[in-house]
1. What 222 nm value per residue comes from the helices of the chain, counting each DSSP H run with n ≥ 4 as -39,500 (n - 2.57) and dividing by all residues, nearest 500 deg cm²/dmol?
2. Taking neighbour counts of Cβ atoms within 10 Å as a proxy for exposure, in what order, fewest first, do 140, 94, 71 appear?
3. Report the calculated FRET efficiency for residue 132 and residue 54 (r = Cβ-Cβ distance, R0 = 22 Å), to the nearest 0.05.
4. How would 73, 141 line up from fewest to most surrounding beta-carbon atoms within 10 angstrom?
5. Using Cβ counts within 10 Å as a stand-in for footprinting exposure, how do 109, 131 rank, fewest first?
6. Cα-Cα pairs above 17 Å in the range 70-147: how many percent?
7. Hey, could you grab the Kirkwood Rh for the chain? Inverse mean 1/r over distinct alpha carbon pairs, Å, one decimal.
8. Note down the nm distance, to one decimal, between modelled labels 7 Å out along Cα→Cβ at residue 118 and at residue 143.
């Protein structure tokens with residue numbers, strides 16, 4: 001499956017900082033979020049949570065065929081990611097985004113890295129669900145980081 005269904009976009013912040021946003025092409029029957037394009041926002045992350053998972057972000061873009069040095073604040077072109085790469089990255093970013101303790105972020109990061117593909121898809125479908133997503137995100141954090 002070589003179709004790229006996810007995009008990782010760099011969003012410049014302050015003069016020295018930036019954030020990242022993950023987008024996906026919605027599955028058939030899902031609503032778009034009204035941004036005028038086919039891409040649906042999954043998660044945005046910046047600051048400490050982003051820096052805590054930067055190693056996995058770099059590994060993912062390298063696996064997608066990019067150089068780690070391509071990740072820069074000034075980048076305008078998004079990184080195209082396969083479905084499995086996007087699912088794992090989205091799951092990771094959604095899980096660490098509200099955390100404040102870096103030790104918990106590290107725990108979550110290691111557990112997501114060790115998940116099987118089926119487990120990652122299962123949790124991604126749960127945490128991105130429109131009606132129960134927030135509760136599922138909290139359940140995932142409790143399970144992985146002993147929150």
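1. One gets -14000 deg cm²/dmol as the mean residue ellipticity at 222 nm.
2. Neighbour counts put them in this order, fewest first: 71, 140, 94.
3. Using R0 = 22 Å, I get an efficiency of 0.15.
4. With the sparsest Cβ surroundings first, the list reads 73, 141.
5. 131, 109
6. Working: 1416 of 3003 pairs.
Tail of P(r) above 17 Å: 47 percent of Cα pairs.
7. On the way: mean 1/r = 0.0643 Å⁻¹.
Roughly 15.6 Å, rounded to one decimal.
8. Output for this residue pair reads 1.4 nm.
Any read-out appearing in this document is the output of simple, stated calculations on the displayed coordinates, not a laboratory observation. Since this is a predicted model, take the numbers as computed values, not measurements. All Cβ positions, even for glycine, are placed from backbone atoms using ideal geometry, and neighbour counts span all protein chains on display.
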